[in-house]
1. Determine whether Ile146 is open to solvent by 30 Å² or more (accessible area, probe 1.4 Å) and within 23 Å of Asp19 (Cβ to Cβ).
2. Determine whether Phe124 is more than 19 Å from Ile155 (Cα to Cα), crowded, with 17+ Cβ neighbours inside 10 Å and among the aromatic types (Phe, Trp, Tyr).
3. Going by the conditions given, is Tyr130 out of contact with any Ser or Thr (no Cβ under 6 Å at 6 or more places or on another chain), closer than 20 Å to Ile7 by Cα and in contact (Cβ under 8 Å) with a residue 12 or more places away in the chain?
4. Six or more apart or on different chains, Cβ under 9 Å: which pairs go from a residue in segment 89-117 that's touching a residue at least 40 places away in the same chain (Cβ under 8 Å) to one that's surrounded by 17 or more Cβ atoms within 10 Å (Cβ to Cβ) and charged (D, E, K, R)? Could you list them?
5. Check Val71, Val28, Val66 and return the single one that is of a type outside the set (Asp, Glu), closer than 20 Å to Gly117 by Cα, part of a helix (DSSP H, G or I) and modelled with pLDDT under 90.
6. Quickly run through segment 1-26 and pick out the residues that are within 17 Å of the chain's Cα centre (by Cα), open to solvent by less than 60 Å² (accessible area, probe 1.4 Å) and more than 15 Å from Cys108 (Cβ to Cβ).
7. Counting only residues that are more than 24 Å from Phe94 (Cα to Cα) and among the small types (Gly, Ala, Ser), which one in segment 149-180 is most open to solvent (accessible area, probe 1.4 Å)?
8. If you go through segment 92-119 one residue at a time, how many are of a type in the set (Val, Ile, Thr) and either within 20 Å of Val160 (Cβ to Cβ) or surrounded by fewer than 21 Cβ atoms within 10 Å (Cβ to Cβ) (or both)?
Amino acid sequence: MYDIKAIVWMLPVLFMIHDFEEIVMAEVWSRRFKKELKENTSIMKKNPFGLNGTNYWSTSAMSIAVEIEFVILSLVSLLSCIFSSYFIWYGFLFAFTLHFILAHFYLCIEFKHYVPGVITSILFLPVCIYIMYISQLFLKYNFAKIFFSCTLGIILMIAVLVILHDAIGKFSRLLIGYSL
């Protein structure tokens, strides 16, 4: 009924749909809630979406980071299918699923306002949990393998996000330089 190689491709698809919400809403959201974001510095220690005074990450600069993330997740999915090895893919799926809860749900509850990405997080959390369940039926990982896969996925996802979030400012400057 299910094919693990088809299921694997749901990760980059769900990621892109989720990030489309963030790409579309981040800049206007940052402007709309500028006052609230400044008042709630205890909740959002690092300003989301590059909010810094009146400067925001440009949508195009943010899109470059999202494109790189999409390529990484697509390569992980492709290599998983080619080599029939799903250890890293499963970890990335777990980290992506955990991201809904730790980033979007938490921030939305603490901030008491809409946060970009929360709508698709609500919609996709049960889908991702189901994908993890179905995948486990195919993969038959034991607890140790699940634990190490998920731990590695979290570490890799954090590294990718930190590097790309830091690079968005550079992408913005490169785009501005290109436009001159």
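The values are calculated or read from the model by the stated rules, or taken from the named source; none is laboratory data. As the structure is a computational prediction, the values presented were derived from the model and not from experiment. Note: ideal-geometry Cβ built from the backbone for every residue, glycine included; neighbour counts use all protein chains shown. Accessible surface areas use protein heavy atoms only, side chains included; no ligands, DNA or RNA. Shrake-Rupley method; radii C 1.70, N 1.55, O 1.52, S 1.80 Å.
1. Working: open to solvent by 30 Å² or more (accessible area, probe 1.4 Å): yes; within 23 Å of Asp19 (Cβ to Cβ): no.
Here the answer is no, as Ile146 does not meet what is asked.
2. Numbers: more than 19 Å from Ile155 (Cα to Cα): yes; crowded, with 17+ Cβ neighbours inside 10 Å: yes; among the aromatic types (Phe, Trp, Tyr): yes.
Yes, satisfied.
3. Working: out of contact with any Ser or Thr (no Cβ under 6 Å at 6 or more places or on another chain): yes; closer than 20 Å to Ile7 by Cα: yes; in contact (Cβ under 8 Å) with a residue 12 or more places away in the chain: no.
In short, no.
4. Pro116/Glu21; Pro116/Glu22; Gly117/Asp19; Gly117/Glu21; Gly117/Glu22
5. Values: Val71 fails: modelled with pLDDT under 90; Val66 fails: modelled with pLDDT under 90.
After ruling out the rest, the residue left standing is Val28.
6. Restricting attention to segment 1-26, the residues satisfying the condition of being within 17 Å of the chain's Cα centre (by Cα) are 8-26.
From the residues that got through so far, the ones that are open to solvent by less than 60 Å² (accessible area, probe 1.4 Å) too are 8, 11-12, 14-16, 18-19, 21-23, 26.
Result: Val8, Leu11, Pro12, Leu14, Phe15, Met16, Asp19, Ile23.
7. So the first thing to find is which residues in segment 149-180 are more than 24 Å from Phe94 (Cα to Cα), and the list is 167-180.
Of the ones still in play, those that are also among the small types (Gly, Ala, Ser) are 167, 169, 172, 177, 179.
Working: Ala167: 18, Gly169: 24, Ser172: 27, Gly177: 45, Ser179: 87 Å².
Going through the qualifying residues, I end up with Ser179.
8. Of the residues in segment 92-119, the ones of a type in the set (Val, Ile, Thr) are 97, 101, 109, 115, 118-119.
Filter once more, so that each one left must be either within 20 Å of Val160 (Cβ to Cβ) or surrounded by fewer than 21 Cβ atoms within 10 Å (Cβ to Cβ) (or both): 97, 101, 109, 119.
Residues meeting the conditions: 4.
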